Amino acid sequence: MLPIVERTLAPGVVLRAVQTKKFKTSMLGITFLEPLTEETASLNALIPKVLRRGCRNHPDMETLSAALDDLYGGGIEPLVRKKGEVQCIGFWGSFLDDAYVPGDSQILESAAALLGEIVLQPAGDGKGFRPDYVESEKANLVDKIRSEVNDKLQYSLSRLRSMMCEGEAYSIEKLGTEAQARAITGETLYNRYRDMLETAPVYLYYCGSADPERVEKAFRAGFADLPQGQRKEIPVPMVLGQPKGAVRRFSDAMDVSQGKLTMGFRTGGGFKDIENVARFMLFNAIFGGSTNSKLFLNVREKLSLCYFASSSLALSKGILLVYSGVEFANFQKAEDEILAQLTACQIGDITSEELEAARRSVIGSLRSSLDAQGRLEEYWVNRFVTGTAYTPEELAEAVEKVTLDQVVEAACQVKLDSIYTLRGKEG
Amino acid sequence: MIKHTYERIGETLYEETLENGLRVYVFPKPDFGKCYAFFATRYGGMDTRFQLNGQWLDTPMGIAHYLEHKMFDTPDGGNALQKLSASGASPNAFTSAAITGYHFECTEGFWENLRTLLEFVSVPYFTEESVQKEQGIIGQEIRMMEDNPGRQSYRMLLEALYQNHPIRNSVAGSVESIAQITAETLYHCHEAFYTPSNMVLCVAGNVDPEAVCALAREILPKEAKPPIPRDHGQDEPRQVNLRENTRVMPVAAPLFQIGVKGQPAQDGPNRLRQKLLGDLTCEALMGSSSSLYSKLYTRGLINSGFYCGFMDYPGCAFLVAGGESKDPAAVRDAIMEEVERIGREGLDQGLFQRMKKAAYGSFVRGLNSFENLCVEQAQAYFEDQDPWTFLEIYDTMTRQDAENFIRDWFHPEQMTLTVIWPGEEPA
């Protein structure tokens, strides 16, 4: 059990710190939580990119890189994530743990100070960002949004989400759209930045060898200039219990060798209830979330239709996605088999071997997340965003207790909403 | 067993060579709940022509990777992938140009899982039917890679850099080449390369090193076999095969790679030195802390996706730099201008020192990952290197070494530029 300490540094500003000596890296991060909206998604996504270009004492990339190299090649990278209908905007810092720094020097305080300077003291005249940084990062953001098409699977999933969830915040991608990005000006961006600093809930995170007192002190010093005042609540996602109506079908054609079949299902709510979460995680592992899953064993191994056929849960939004890469001619065959396997789960056609294999796989993955810094951070940010606090061990215990009937019950809540296919030009 | 202690970086390593020639490495990790095991053979995508029992065999492109897939089938009609994941482990495997590796991570049942790993990798079991069936799955894996611009770009780069060396061949092969694979050929390849004297076992976790050796002794074949002669083609000329290689795909922005072909060092300490110096030189010349990087970024010629580094395989060594750019030729020209400037003025001493400091940090931080630790150790063993001498090598590396490296490698006839130009827009 890794102890995690939570401290509220100011209203709406929370620090969670994991103290452990087992890693060679210390990780520290800051995340601002904003609701996903069409008006703000691109603006929010651009903020950390512009901030990373330079700060008061290190006004350009070369001097900022030199400062990081001096801290034994540390990294502070912009990070924009989408968690349900919350946009998480901030930085992810990764440094050599103090225990491995040659001599007596310590990195934590300098790292927190540099992180604070990047977030709070952007290069410029103090009244706005440097216009050249805004323009250049805006162009990069537009390119980044456009290049989402390069990864055909991610592109297909993004298209599915946007069409299936039309009218819901979940349809908005974490970087927003090209048109929104193009419309950004230095003024709109700076206003959004100031607003975010003043009103967004802030989540600070640390994992490394330092004790919580020292971590708190380092963050308090680094972020002393963070505006004080009342901050907003963490946004709560809209969860639909049912699909919007009959199954909807969408498709695009592109010059590709392989087709992508993606299917979106609604799972209903209940993500705050640890037992419900455990049931769905186990159901997902049986259905398509592991190498012993029905999708892997049937769509891939038995029918040789694909290299991958998997499912993944976005429980805080009440959505399950299934995706596979198949020959264009096999779309229907794969779709039929995927739905047949869901039906099998719903009628309880699950062997005790399948149930136990899935259970071991979910529990193994939860327990090993304690040994991986990145996954641990991801776990805790998910808890923070959903207003839950159970530990990976507690969740593993809950999974240990789930019965077959409860898995079937979860499976029966899963309803097909939409299907998206990426087809070939001649397909 | 031999025990090595690296106090400064907090690592201990046990090493043993078994009677059958298998090299075993164990990293004890008392603070961790998870264990990781990596079992690998020095056999990869480039080893298609070799001598077995006095006969030269020409095997189809992609066979090492195909064999990796088929190794999971066990004589009892089961599948080791499912068996391992049913016990909660996360198993997987990969094939590179030079090695094939099988691994799992788990938090419970380590010894049983290690037994499964050692057994399934050492006992081949193929039928014509099961070999045939895999073609659908691997065919889709190949199709998926055909639609992956990053993969395609790297393929094009290797084809442009090399005339004869089998690094040019796709590790997965083509749909046509894998159609020629039979159970008999797979048995030949297994016999030739999956012999303990051609393999390595690396384990990280809270385990008894002696017990790892004992289990390997119990399960694996007893006899040590001599190395198999391999043919990697005619000697490779210094100059590249093609100075440019381009094609069109559905991508948003031009995707480029610049390759620089060098003379590979022989296996042993010189090879590690070349690798470390190659990476350090790349970073100093065009890495994110260099003035060239800042210039290119500011001019909008590269974005934060730009990368560069040193790569080597038996018989070949090259540098790669790549990313997205509106004008890939301008990036190449700017690199050459910087090479000329450094030729006249030399490298900045402060920068070079910072690079060394950063390299130390990133090496130590890399040790966080069990997978990285074990895979690197296995690769180093196959190349007859000791990765733990890196500190001593860094101590002897000078700015002049990096300048000489640049002078030796960066000649126009040793450089190639590959570009994937955006094709049609999605319909």
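Derivation of every value follows stated rules applied to the coordinates shown; laboratory data play no part. Only a predicted model underlies this, so the values are computations on that prediction, with no experimental measurement involved. So basically every Cβ, Gly included, is an ideal-geometry build from the backbone, and we count neighbours across all protein chains shown.
Normalised size of region B:244-421, defined as Cα radius of gyration per 2.2 N^0.38 Å with N residues, equals 1.05. Taking Cα atoms, how many degrees apart are the long axis of helix A:392-401 and the longest axis of chain A, rounded to 10 and kept between 0 and 90? So the inclination is approximately 20 degrees. Averaged over residues, the count of other Cβ atoms within 10 Å places the peptides B:132-145, A:33-46 in the sequence A:33-46, B:132-145, highest first. The base-10 log of I(q)/I(0) for region A:145-274, evaluated at q = 0.20 Å⁻¹, reads -1.22 [Debye formula, identical scatterers on Cα atoms, solvent excluded]. A Förster radius of 22 Å, combined with the Cβ-Cβ distance separating B:ASP327 from A:ARG182, puts the computed FRET efficiency at roughly 0.55.
Per-residue shielding of B:80-91, expressed as the average number of other chain Cβ atoms within 10 Å of the residue Cβ, stands at 6. Projecting the Cα atoms of B:GLY77, B:GLY109, B:THR127 onto the dipole axis of chain B, where Lys and Arg carry +1 and Asp and Glu carry -1 at the beta carbon, places B:GLY109 farthest toward the positive end.
Label zone (B:GLN163, point 7 Å along Cα-to-C-beta; backbone nitrogen cut-off 11 Å) within region B:215-239: B:234-239.
The distance between label points at B:THR389 and A:GLU397 comes to 5.2 nm (points 7 Å beyond Cα on the Cα→Cβ vector).
Each of the peptides B:99-105, A:227-233, A:114-120, B:260-266 was scored by the mean count of other Cβ atoms within 10 Å over its residues; in descending order, highest first, they stand as B:99-105, A:114-120, B:260-266, A:227-233. Cα-based radius of gyration for chain A, normalised by 2.2 N^0.38 Å, reads 1.04. Distance between the pseudo-spin-label points of A:ALA246 and B:ASP31 (7 Å out from Cα toward the beta carbon): 6.0 nm. At q = 0.10 Å⁻¹, what log₁₀ I(q)/I(0) does a Debye calculation on the Cα points of chain B give, no solvent, two decimals? Scattering profile of chain B, log10 relative to I(0): -0.78. Around the Cα centre of the protein assembly as shown, unit charges on the Cβ atoms of Lys, Arg, Asp and Glu (plus for the first two, minus for the last two) sum to a dipole of about 1500 debye. So, counting K/R as plus one and D/E as minus one, what does the shell of residues with Cβ under 13 Å around B:THR396 add up to? Residues close to B:THR396 contribute a combined charge of 0. Under 15 Å from a label point set 7 Å out along the Cα-to-Cβ vector of A:LYS21, the amide N atoms of region B:22-37 belong to B:29-32. Neighbours of A:GLU213 by Cβ distance under 12 Å: Lys/Arg scored +1, Asp/Glu scored -1, total +2. Extension gain for B:HIS411-B:GLU119 works out to 100.2 nm (0.36 nm per residue, less the C-alpha to C-alpha distance). The distance from the alpha carbon centre of region B:1-57 to that of region A:312-354 is 39 Å, rounded to a whole number. Using the Cβ-Cβ distance between A:ASN57 and B:HIS4 with R0 = 41 Å, the FRET efficiency computed as 1/(1 + (r/R0)^6) comes to roughly 0.45.
Once the C-beta distance of B:SER291 and B:ALA214 is scaled by a Förster radius of 60 Å, the resulting FRET efficiency is 0.60 to the nearest 0.05.
A convex hull fitted around the alpha carbon atoms of the protein assembly as shown yields 154 Å³ per residue.
Shape of region A:4-222 from the C-alpha gyration tensor: prolate (a/c of 1.5 or more and a/b above b/c, with a ≥ b ≥ c the square roots of its eigenvalues). From the alpha carbon centroid of region A:177-207 to that of region B:300-328 is 32 Å.
Working ranking of peptides A:314-324, A:268-278 by packing, defined as the average number of other Cβ atoms within 10 Å per residue, highest first, is A:314-324, A:268-278. Per-residue mean of foreign Cβ neighbours for B:142-151 is 5 (Cβ atoms of other chains, 10 Å radius).
The ratio of the alpha-carbon radius of gyration of region B:2-219 to the globular-protein estimate 2.2 N^0.38 Å is 1.08.
When chain B is treated as a GNM with alpha-carbon contacts under 10 Å, the residue of B:ASN53, B:ASN79, B:ASN245 showing the greatest mean-square fluctuation is B:ASN53. The separation of region B:142-215 from region A:380-427, counted between C-alpha centres, amounts to 34 Å. A Cα-only calculation for region A:384-427 places Rg and Dmax at 18.3, 51 Å. Once the Cα atoms are used to define both axes, helix B:110-122 deviates from the longest principal axis of chain B by about 80 degrees. Against chain A, whose longest principal axis comes from its Cα atoms, helix A:274-287 is set at around 60 degrees.
Within region A:225-244, find all residues whose amide N lies under 17 Å from a label point positioned 7 Å from the Cα of A:GLU39 along Cα-to-beta-carbon. Answer for region A:225-244: A:232-233, A:235. Rounded to the nearest whole angstrom, the semi-axes of the ellipsoid equivalent to region A:97-171, taken from the Cα gyration tensor as √(5λ), stand at 37, 22, 14, largest first.
Were the residues from B:ASP348 through B:TRP421 laid out at 0.36 nm apart, the gain over their Cα-Cα distance would be 22.7 nm.
Averaged over its residues, how many other protein chain Cβ atoms are within 10 Å of peptide A:356-368's Cβ atoms? Mean inter-chain Cβ contacts per residue within 10 Å come to 5. Annotation for B:PHE94 and B:GLN135: the two label points, set 7 Å from Cα along the Cα-Cβ direction, are 2.9 nm apart.
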